[in-house]
Structures are given as C-alpha cells and as structure tokens.
1. Within the range 142-155, can one find any residue that is more than 15 Å from the ligand (Cβ to nearest atom), over 30 Å from LEU16 (Cβ atoms), open to solvent by less than 70 Å² (accessible area, probe 1.4 Å) and modelled with pLDDT of 90 or more?
2. So which residues in the range 120-133 are open to solvent by 30 Å² or more (accessible area, probe 1.4 Å) and touching a helix residue (DSSP H, G or I) at 6+ places or on another chain (Cβ under 9 Å)?
3. Given the conditions (1) buried (at least 20 other Cβ atoms within 10 Å of the Cβ); (2) closer than 21 Å to ARG188 by Cβ; (3) not β-branched (Val, Ile, Thr), report the number of the one that GLY298 does not fulfil.
4. Inside the range 250-346, counting only helices (runs of 4 or more DSSP H) that do not spill past its ends, which hold 2 or more residues that are away from the ligand (no atom under 16 Å from the Cβ) and touching a residue at least 40 places away in the same chain (Cβ under 8 Å)?
5. Go through (1) crowded, with 20+ Cβ neighbours inside 10 Å; (2) out of contact with any strand residue (DSSP E or B) (no Cβ under 7 Å at 6 or more places or on another chain) one by one and return the number of the condition ALA205 breaks.
6. Restricting to the range 134-179, give me the number of residues that are of a type in the set (D, E, K, R), under 32 Å from the mean Cα position of the chain (by Cα) and either more than 23 Å from HIS206 (Cβ to Cβ) or not assigned by TED's automatic domain parsing to the domain that holds LEU284 (or both).
7. Report those helices (runs of 4 or more DSSP H) wholly inside the range 43-142 carrying at least 3 residues which are closer than 30 Å to PRO252 by Cα.
8. Conditions: (1) part of a loop (DSSP other than H, G, I, E, B); (2) over 26 Å from the mean Cα position of the chain (by Cα). ALA203 meets all but one. Number of the miss?
Amino acid sequence: MKREDIERVYAELKELQCKTQKEVEEARVRFLGKKGEITALFEEFRTVDKDMKREFGRTLNELKNTAQEAIDRLREAVGFESASEGPKQDLTMPGDPMELGSRHPVSIVRQEIVDIFRKFGYDVAEGPEIEDDYHVFEALNFPPNHPARDMQDTFFVSVGHPNPLLLRTHTSSVQVRTMERMKNPPIRVICPGRVFRNEAISARAHCIFHQVEGLYIDENVSFADLKQAILLFAREMFGPETEIRMRPSYFPFTEPSAEVDVSCNICHGKGCNICKGSGWLEILGCGMVDPNVLKASGIDPEKYSGFAFGMGLERIAMLKWRVNDLRHYFENDMRFLQEFSTAVEV
Ligand code: PHE
C-alpha cells in the first residue's frame, strides 16, 4: 500500500460532482461499495507491515469518514429528480399550518367609527391615560362633590394634591386638551382611547373599556346639527334603515344632554332578547357643550357653541357580534380572538 493511493482517492473525492441521487449512489458504490476503491484499500491494508499498521489504519479510517461525509453531503444537496428515486420526505404530509393574526374586535369597531367620522371631516386626537383631576373633571364642569370624583368610582394615582393624578374615566379629557390647544374653532375631533372605572368585573361591567368621544365647535352649532350627525353616523355604522331616538339625560359637561338609542337591527323593532323587547338599543351619550366648559378652555361661549358625544366600543362590539360577556374582550382567549380573523361586517 502506498501513500499515493490514498492521496489519489482524496483528490477524486474532492473532484466528485453529482447531479442526481442516482449519481450519488453510483459514487457511493465506487468508493465505499463492496468492490469500491476504499474497500479495496482496506483489503490491501491487511498486507501492510506491522510497524506501519497503526499509522495506515488511522489514515484509512479518516479517508473512509471523509468519503462518507462527502456522499452524505451530496445526497442532501441534489434533492430528488423524480418520484422513482424515492422521496426522502413524504410530500403528501399536511404542511405546518400558517397562523394568521386577527384584529381584536374592539380595534375593528374603533377603526370603523374613526373611518366614518373622518369622512365627516373630523380629526383624531389622543391624550394621556393617566390624567389630572382638572382635565377629567374640573374643566368639564363636574361639581366638587360629584360621585365620579369619589374613590369608589375613579382610580386615583396620587391623592392629597389639589389636582390629583388619576386614570381617566372618559376621553372627554382629550377634548378639553384639544380645545386648549386649538383655541380657535371650528374644532372637529374624535378621541378614541382606553378608560378606567372602579367597577367590579362582571359580564356587564369592567374596570377597563374603550370609548370614542367626539366634539364639534363652531359658530351657530345647534342641537339639530347634533341629531343629524348622530343619525348619519348610526346609518353608516348599523345600516341605512337605522332610526335613532333621543332621550333626555344629564351630564355635567353638556346642556341639554341626551342618550341615544338606535333601532334594533336584529329584530327590526319587533322586540328580541338583545333589545330586551323594546326594539331599541342604547349606544351613546351626547349633548350641547355647556358654556362653562367652553369658557374653562378659553373659548367664547357667546360666539361659539358645539356638541359632544361619547360611546363605549365594547358595547357596540357586543351589539354587532352579540357577545354578551364583556370579559371576553380582555382575556385574550385565542378561541375567541380567532373568530374575528375574517370579520369585517355582520
Ligand atoms: N363622557 C361621557 C361618558 O363617559 C359620554 C359623553 C360624552 C356624554 C360627551 C355626553 C357628551 O359617559
């Protein structure tokens, strides 16, 4: 046995090229098969002098391993040309499913509302979730002893300060900030965002929910404008047949105030368990901005008037998809969320 023989096989291995599995198999037979070149070298090895055996033995084993690795690598690289070569993988196996994300129902509803009011010329404004008493209550004409200012209803972050920090209980605070910033009407803005109230969590109440509130201020804005804006919105949101009904209500920051119901688009007014037999569903609160509120933000109530409205997004999502437990919206249960992966309209 000569060193050159081993070198030659190394050189051949280096040159080795295969295009198909068949060629790889031929190469394997040529080097490692029963009559292969390396097998032959092992045969020859038997005749090597005793004192050389150790060294040749190691060199030959290295050669054999190198050849095996080269063959494995080639087999990996060429892939399969035809079915007759036998697939390494079962191509009939189902693939890994591709998980598609889906938008949260509250995000879907918010986007729809924002899109509708954008068409009406409203801008979108956002503000801080940790607010101060002034922007959530004081500037909005809440009397000092109003129950919302109580620890029972509001999460306070700091107390014992004349203007304590708290988690906003409505996004009306963003409307105050918008008025402060813009000063000069016309102002047309909607404020989507997360709000917090100190409520026990149940199917019908949660300590976190989402709102879109809106504000329109200009010269000669009247209650009729408010009614028209809400009607147009309701028809865009719930369908062209939708009717609205306004009931007198009270909010510190609006006068007069109203609560708005839309006709039940499930039973079309006949009465069902969603509208509790009344044919109407309550969706928002609204009213004409109280002059005190305009004044507090530096807008002249003699010259300007305006309306405001606010609605809860979970409530609208509940009506839209008839999910009657608020907790579903906050628990991130994939089985619930995936139901909305293709949801666009009812
Ligand atoms: N801010 C009120 C709420 O949180 C909603 C509202 C907004 C009512 C504007 C009237 C006008 O419930």
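1. No; the residues of the range 142-155 include none that is more than 15 Å from the ligand (Cβ to nearest atom), over 30 Å from LEU16 (Cβ atoms), open to solvent by less than 70 Å² (accessible area, probe 1.4 Å) and modelled with pLDDT of 90 or more.
2. Kept after step one, since they are open to solvent by 30 Å² or more (accessible area, probe 1.4 Å), are these residues of the range 120-133: 120-121, 123-124, 126, 128-130.
Listed by number, the residues that qualify are PHE120, ASP123, VAL124, GLU126, PRO128.
3. (1)
4. Answer list for the range 250-346: 313-321.
5. (1)
6. Within the range 134-179, the subset of a type in the set (D, E, K, R) is 138, 149-150, 153, 168, 177.
So of that shortlist, the ones also under 32 Å from the mean Cα position of the chain (by Cα) come out as 153, 168, 177.
If we keep only those that are either more than 23 Å from HIS206 (Cβ to Cβ) or not assigned by TED's automatic domain parsing to the domain that holds LEU284 (or both) as well, we get 177.
Residues that pass the stated criteria total 1.
7. Values: elements: 50-78, 105-119, 133-136.
Correct list: 105-119, 133-136.
8. Status for ALA203: all satisfied but (2).
The values are calculated or read from the model by the stated rules, or taken from the named source; none is laboratory data. This one's a predicted model, so the numbers in the text were calculated from it and none came from an experiment. As a convention, Cβ positions derive from the backbone with ideal geometry for all residues, glycine included, and neighbour counts pool all protein chains shown. Each accessible area value is taken on the protein alone, full model and side chains, heavy atoms only, with ligands, DNA and RNA left out. Shrake-Rupley method; radii C 1.70, N 1.55, O 1.52, S 1.80 Å.
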